[in-house]
1. Which of the residues belonging to the stretch A:631-648 are more than 38 Å from the chain's Cα centre (by Cα) and surrounded by fewer than 16 Cβ atoms within 10 Å (Cβ to Cβ)?
2. Against the condition facing chain A (nearest Cβ under 7 Å) and out of contact with any strand residue (DSSP E or B) (no Cβ under 6 Å at 6 or more places or on another chain), how does B:ALA25 come out, does it pass?
3. Consider B:GLU17 against the criteria (1) more than 7 Å from chain A (Cβ to nearest Cβ); (2) touching a His at 6+ places or on another chain (Cβ under 8 Å); (3) open to solvent by 20 Å² or more (accessible area, probe 1.4 Å): it satisfies all of them except one. Which criterion is unmet?
4. Going by the conditions given, is A:TYR477 farther than 22 Å from B:ARG67 by Cα and either of a type outside the set (D, E, K, R) or more than 13 Å from chain B (Cβ to nearest Cβ) (or both)?
5. Looking only at the stretch A:496-505, which residues are surrounded by fewer than 17 Cβ atoms within 10 Å (Cβ to Cβ) and in a helix (DSSP H, G or I)?
6. Go through the stretch A:515-543 and report how many residues are at the interface with chain B (Cβ under 9 Å from one of its Cβ atoms), of a type in the set (A, V, I, L, M, F, W, C) and either in a helix (DSSP H, G or I) or over 40 Å from the mean Cα position of the chain (by Cα) (or both).
7. Which residues, taken from the stretch B:62-78, are in a strand (DSSP E or B) and in contact with a helix residue (DSSP H, G or I) (Cβ under 8 Å, 6 or more places away or on another chain)?
8. I'd like the full set of residues that are of a type in the set (Lys, Arg) and closer than 16 Å to A:PHE333 by Cβ, limited to the stretch A:264-319.
Amino acid sequence: MPANSRRFDADLARVGAAELKSMARMWGGGSQTRKDQCIALIRQGLADPEKVRAAVATLLPWEANALALLKAAGGVLDGAALCVALRATGANLPGTRTAHSDDRANVLPALIRRGLALGSSEYGPTYFQSYGSANVYADERLLAAAGLPEIAPFKIKPISPPDATIQRRPQSVALDLIGLLQAVENQGGVGLTQNGAPRVNDMRRAAKAVGWTGDATNIDGLAFPNLALGLIHALWHGGILKGDENLLNLGAPVSAFAAQSYAEQVRQVFNGFVQANQWDERGSQVGYFETARLIQGRQALAIALAALPGQGASFFAVDDLERALFERIGQYFSLSYLPGPPYSYGMTAEQARQELLAWQTKLRQNWLDHERVWLDHALTTWCYFLGIVELAFQDKALYAVRLTDLGRAILHGDAAPAMPAPAAEARVAWVVQPNFEVVVYLDRASPEQLAFLERHAERFQTQQYVAQYRLTRGAVYTALESGSTLDRLLATLEGGAGRPLSQNVAAELREWAALREQVTLYRRARLLEFADAASRDAEAARLSAAPVGDRFLLISAQQAKQMTGAGVREHVNYAAAPAKCLTADEDGIVTATQRPADLLLDAQVGRWAELRQDGQWQLTQASVVAGLKAGGTLVELLKLLADRLIRPLPSLLEVALRAWAGEPSAVGLAGVTVLQCAQPAIFTAIVASPKLRRFLRGELAPDLVVLDRAQLDAFQAHLRWVGLEVAPELTVKQRRL
Amino acid sequence: MRDEPIVSSSTLPILHENLPLLEVADGVLLDMIAADPQARKLILVRLSERAAIVAPGGFDALLARLRKLGHTPKVVEE
């Protein structure tokens with residue numbers, strides 16, 4: 001998703017000659033330049049940073065803004081979103097709007113002809129459809145020379161500071177972000193479905209770990225629908241989470257994220273939210289057409305916030321903000337259906353004016369019904385959650401907004417006043433209480449210290465200036481499992497407290513760490529097996545390896561690598577398929593044709609069969625039932641036999657195993673009298689005869705019918721009457737084995 | 001050059017690689033773990049009082065079970 005760095009080179013051959021000639025003008029080409037020469041000129045130009053800088057310096061304001069917006073979006077942006085964003089900047093765009101065309105038809109081809117952008121459509125780099133989502137991208141070398149977008153401030157006036165406002169402090173925002181990232185890291189990532197969407201259950205698990213439950217999370221009294229879904233998408237689009245085929249995971253450790261300034265942390269997530277098209281601020285499902293429109297709206301909102309006069313340091317009425325935004329984009333953007341401007345052909349000037357007024361009135365009403373509502377949701381969800389805006393409410397309705405210091409740092413970059421920097425290094429920032437609770441003073445804590453606590457303790461309360469954690473056995477265990485150490489835990493806790501830990505806390509932490517050493521699970525252990533204890537003991541000292549039982553040594557991967565080959569008699573790799581070394585007969589006798597060195601065979605077979613002698617077992621109903629009672633399953637037994645048998649399992653034995661395991665079977669046995677007739681016409685005449693029907697009990701096969709034994713004599717009399725001779729024997733066939 | 005001792009191949013050890021293994025600090029602990037029916041089915045071979053081979057494919061299930069039983073096992077991946 002993010003990291004969209006691309007170059008034009010590969011796409012140039014698919015661009016038509018007319019567009020190429022136009023693109024090459026920036027690099028010295030002309031109308032007579034051949035196609036291959038145009039491609040060469042463009043490539044040479046883009047490869048020379050000086051030429052690129054010079055070319056970018058000649059761009060018209062709206063062209064420079066387009067490049068800047070593409071740069072801010074990571075290099076790739078939905079074409080319609082780029083156009084709406086350009087409108088929001090207040091730039092004058094080329095072309096005129098008609099009933100049959102929108103900005104994309106005017107702006108995108110102009111950008112292509114200017115050599116600034118290409119499309120990402122599978123139909124070609126200059127193809128744009130008029131519906132749905134279609135991305136445009138700029139060459140990364142052009143983006144390197146692009147600056148920040150020039151945004152014309154709105155002509156609106158500040159209002160008096162409201163009596164009561166709410167805002168989130170950067171430390172609280174960072175805590176939430178770090179907490180969620182830590183939860184994702186602890187659970188091993190977020191799985192992706194076959195369609196490439198994050199798995200809902202994994203997102204819920206991560207949300208639960210940070211205390212966000214339910215469909216809407218309450219943030220300072222504001223409802224944030226599907227917070228975990230939105231935030232995980234934002235972290236993904238922001239490049240903090242990276243996706244591979246089936247898993248979304250951290251691109252870098254949580255500590256690396258936490259080491260950045262608050263503005264840098266939040267900037268990435270803010271940009272990610274702008275593009276998180278699978279999440280809707282209103283809590284509704286995102287339909288196909290909304291995905292592109294949401295990005296358009298969020299691009300416009302981000303620019304609108306940057307367009308607040310005076311860098312948004314004063315409060316502005318939300319009504320004024322939305323009206324100013326409507327005046328810039330209202331005719332070009334809608335979250336639902338955008339009616340085109342009216343035709344004026346054949347109308348008088350007055351009629352045309354009336355039609356235009358009616359259209360504008362309708363646009364405005366639609367905007368108030370939909371876009372204004374969405375705007376309020378956007379301001380009170382992600383913009384507020386990320387600490388970008390400070391809000392004021394009147395009768396529970398949002399009425400005023402201004403940018404926070406963090407918001408200005410993100411939206412105005414270097415031009416914004418410097419934010420108070422977070423503590424650059426660890427210092428006294430918390431109190432560790434004897435009841436294992438840690439009270440953190442957020443102003444004092446460095447991002448690294450916050451990340452440390454998120455990793456080693458459980459946060460249970462966050463207020464504006466204080467966060468409270470609890471040191472628990474589970475949290476400490478999880479931290480140690482992820483690579484932390486007891487020494488680091490003790491030292492950092494003491495460093496952050498500025499004093500030694502109370503004795504009971506230190507003792508309990510040591511106890512928890514020691515408990516972890518009581519049970520060890522090796523996923524891929526390497527054991528050396530010796531003939532006896534004496535030879536094992538002789539090698540133990542030389543290899544500095546830990547003894548296991550009487551005859552084994554636990555060795556390292558490095559030692560195993562050195563010994564593979566000459567140093568060992570045999571090498572058994574349990575990651576490979578097990579050795580096929582068994583035969584089984586219909587009586588359930590299982591015999592080892594050779595004795596492999598693997599340590600599993602006896603125990604595996606012994607779970608299901610009785611040992612008869614060394615290398616031979618007997619599968620019986622009792623042994624199989626015992627295996628099932630011990631927790632095994634028939635599937636496991638059949639897999640074991642499939643893995644280990646040299647030849648296929650005898651069918652009769654498989655039938656027996658399934659029956660012993662309780663699978664239902666249907667076999668009937670009874671003595672019957674049957675009539676066999678190999679001639680279909682005669683057989684049909686008999687079984688279809690109304691007269692003979694009372695003697696018949698049913699057909700067994702196409703030539704075989706069961707008779708009522710009690711009426712056998714009468715039936716034979718009828719057969720004699722029709723002249724049929726009855727042979728005393730049946731014709732049977734033996735199955736070939 | 002120093003003469004290497006002549007070693008019969010039959011005296012050389014067998015290398016078992018990629019074997020899921022459970023090791024505890026005290027044999028009583030392994031007895032306690034094995035007393036749990038769900039954990040027991042995942043322990044295939046007891047090599048000693050303190051060590052046992054985990055059933056193939058049962059590593060993660062045993063890890064989860066141990067945690068459920070209140071243990072805090074140290075997991076060594078390599």
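The values are calculated or read from the model by the stated rules, or taken from the named source; none is laboratory data. Just so we're clear, the structure is a prediction, and the values are computed from it rather than from any experiment. Heads up, the Cβs are rebuilt from the backbone with ideal geometry, glycines too, and the neighbour counts pull from every protein chain shown. Heads up: the accessible areas ignore ligands, DNA and RNA and are worked out on the full protein's heavy atoms, side chains in. Shrake-Rupley method; radii C 1.70, N 1.55, O 1.52, S 1.80 Å.
1. A:ILE646, A:ARG647, A:PRO648
2. yes
3. Unmet condition: (1).
4. No, not satisfied.
5. A:GLN503, A:ASN504 - these are the residues of the stretch A:496-505 that are surrounded by fewer than 17 Cβ atoms within 10 Å (Cβ to Cβ) and in a helix (DSSP H, G or I).
6. Total satisfying the criteria: 4.
7. Answer for the stretch B:62-78, where residues must be in a strand (DSSP E or B) and in contact with a helix residue (DSSP H, G or I) (Cβ under 8 Å, 6 or more places away or on another chain): B:LYS74, B:VAL75.
8. Within the stretch A:264-319, A:ARG293, A:ARG298 qualify.
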